Each structure stands twice: as structure tokens, then as C-alpha cells.
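One structure below.
The values are calculated or read from the model by the stated rules, or taken from the named source; none is laboratory data. What you see is a predicted model, and the numbers here were worked out from it, not measured in a lab. FYI the Cβ positions are ideal-geometry reconstructions off the backbone, even for glycines, and counts take in every protein chain you see. Just the protein is used for accessible areas: all its heavy atoms, side chains included, with ligands, DNA and RNA removed. Shrake-Rupley method; radii C 1.70, N 1.55, O 1.52, S 1.80 Å.
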Amino acid sequence: MNTIYDEILKAKISNQKLLAILIDPDKINIKNASQIAQQIKKSPATHIFIGGSFVTTNILDSLIEIIKSEIDLPILLFPGNPSQISGKADGILFLSLLSGRNPDYLIEHQVNAVPILKKINIEIISTGYILIESGAETAVERISKTKPLNRNDSNYVLQTAQAGELIGNKLIYLEAGSGAKNAVPLEIITLVSQNILLPLIVGGGIRSKTEIENVYNSGADLVVIGTAFENDLNFFDFKLSH
């Protein structure tokens, strides 16, 4: 049986573009979870990411159960810390914040997550997470107490991504941050995608169909939409050409 990661790899090889809708449990009312799931069902989404920089609610298990009852898509945790882990999910992006130098987000949270992950049966996908400057302080920057990489220094972003690949990460995630003023520059996406072998995820500050298409055309294998969908559940009233 193929894993979620196997399917992502297969999609990359066949140039099938993927789309994840990111749900932040802190930003939704659990009473609306079924309606959100129905809107996702009508969208071009291939994956659902659940998590946020600082989740304070305790609805994670219930939220995942409701979504699973409505829609058959892989649900991957996108955690800011070990408290955001649920055995109800299908997998977890096991994130290491490569762009920062805060040891808590490079390794400490991962160490603390191990006892929880060993008790549950979900797929663990090692992910190099790289925050790119977006023109405003984002939640990731504030919570992690790390500075994003300079959006004008493409080569250093590439080196960081390549370091993640050499370390053994299975995915590279270029992130502008939730509600970012500016998305990850297309030239950075192109440079990174052309110089790593791993599937490339891109998220943050992407607000339209045209922007999604541009990110795909620049080399992203999977695009993440969060704030745009939060603000408008009808955001995906269009078809993507990929």
C-alpha cells in the first residue's frame, strides 16, 4: 500500500500539481467544521493540513473526526509544537525550522514529540521548513522568535533548502507565513525547484487563482492555501488548469 509520501513523490514525477487547504483550529468554530469540509470537498484540494503557530483550542481530535466523516482526503498535521499532535490524523509534517537558529524549533520540539508519536500510528514525513521574509512580521516569526530569510538572497535560500535535502528531509516547505503581505518570490521557487530533487511545498500570501498558477509554473509541487480560504469559504469557485 502506498504511503502519503509515495503519492506525493508519484505526483511530482508525473507533474501532477497538488493543493493543500490549511485549517488553523484556533480560527474556526467547531460548529462550522462540517460546512468547511463540504466546501473543501468542492475544491481542487488533494490534501488537508491542520495546525498553526500557536493552537490554544482542544478541538483537534473532534475537528479531524468531523472532516474525515465528510471527505476522503489525507489529513496531515502541521504542528507548531508537540501539543498539536493527534492520532486521528493520517500523517504529520515533522517540521524542522531550517531558516531559524532557535534550537527549540530545530530539534527540541521534535525530541519532545517522540513519546507521543511512538504511541500513535500516523505517517511521519520529515520536512525542512524555511520561512521567507514577507514584508510584515508573521505568526511563525513571532512564536518561533526567529528571523525569516532575506527574500532578495535567493542563493542563501537555495543553500538552506539543499542543506535540508542533505540532512535527509523528505520535503522542503518554503513559507511566507500566515497572512503574509508578500508571497514567496517566484524566482526563489524556480531556483529551489530546479536544484533539489525533493517535492517542494510553497505557502503563505497566495490569494488568487492566478497566483496559485504562477507558483505551480515556477516549480512548486504542492501549494498551500490557508488565510484566503479562511476569509472566503467560496474561494475555490474556479478550476485550476493543472
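For this structure, a couple of remarks:
- Here residue 8 meets the list (1) aliphatic (A, V, I, L, M); (2) more than 20 Å from residue 129 (Cα to Cα); (3) at pLDDT 95 or above almost entirely, failing just condition (2).
- Count of the stretch 212-234 residues, restricted to those that are free of Cβ contacts under 8 Å to residues at least 40 places away in the same chain and either farther than 21 Å from residue 174 by Cα or among the small types (Gly, Ala, Ser) (or both), is 5.
- Any hit, the stretch 36-44, residues being open to solvent by less than 80 Å² (accessible area, probe 1.4 Å), among the polar types (S, T, N, Q) and touching a residue at least 40 places away in the same chain (Cβ under 8 Å): yes
- Residues (out of contact with any Gly (no Cβ under 7 Å at 6 or more places or on another chain) and modelled with pLDDT of 95 or more) located in the stretch 64-84: 64, 65, 66, 67, 68, 69, 70, 71, 72, 73, 75
- Among the residues making up the stretch 139-160, a single one is assigned to a loop (DSSP other than H, G, I, E, B) and within 22 Å of residue 85 (Cα to Cα): 145.
- Look at (1) more than 23 Å from residue 20 (Cα to Cα); (2) in contact with a helix residue (DSSP H, G or I) (Cβ under 9 Å, 6 or more places away or on another chain); (3) touching a residue at least 40 places away in the same chain (Cβ under 8 Å); (4) surrounded by fewer than 19 Cβ atoms within 10 Å (Cβ to Cβ) and you find that residue 179 fails only one, number (1).
- Residue ID - farthest from residue 28 (Cα to Cα), chosen from residues in the stretch 195-234 that are in a loop (DSSP other than H, G, I, E, B) and hydroxyl-bearing (Ser, Thr, Tyr): 218
- Contact annotation: residue pairs with Cβ atoms under 6 Å, 6 or more positions apart or on different chains, pairing a residue in the stretch 92-112 that is at pLDDT 95 or above with a partner that is basic (Lys, Arg), are 102/145.
- Residue 192 satisfies every condition listed in (1) of a type in the set (Val, Ile, Thr); (2) under 28 Å from residue 36 (Cβ atoms); (3) under 17 Å from the mean Cα position of the chain (by Cα); (4) modelled with pLDDT of 95 or more except (2).
- The stretch 146-176 - residue that is of a type in the set (S, T, N, Q) and over 17 Å from the mean Cα position of the chain (by Cα) and, of those, most open to solvent (accessible area, probe 1.4 Å): 152
- Listed by first and then second residue, the pairs linking a residue in the stretch 13-29 that is in contact (Cβ under 8 Å) with a residue 12 or more places away in the chain to a residue that is among the aromatic types (Phe, Trp, Tyr) and crowded, with 21+ Cβ neighbours inside 10 Å, with Cβ atoms under 6 Å apart and 6 or more places separating them unless they lie on different chains, are 17/216; 20/49; 22/49.
- Given (1) open to solvent by 60 Å² or more (accessible area, probe 1.4 Å); (2) within 17 Å of the chain's Cα centre (by Cα), number of the condition residue 51 does not satisfy: (1)
- Residue match in the stretch 97-104 (condition: within 28 Å of residue 210 (Cα to Cα), acidic (Asp, Glu) and within 20 Å of the chain's Cα centre (by Cα)): no
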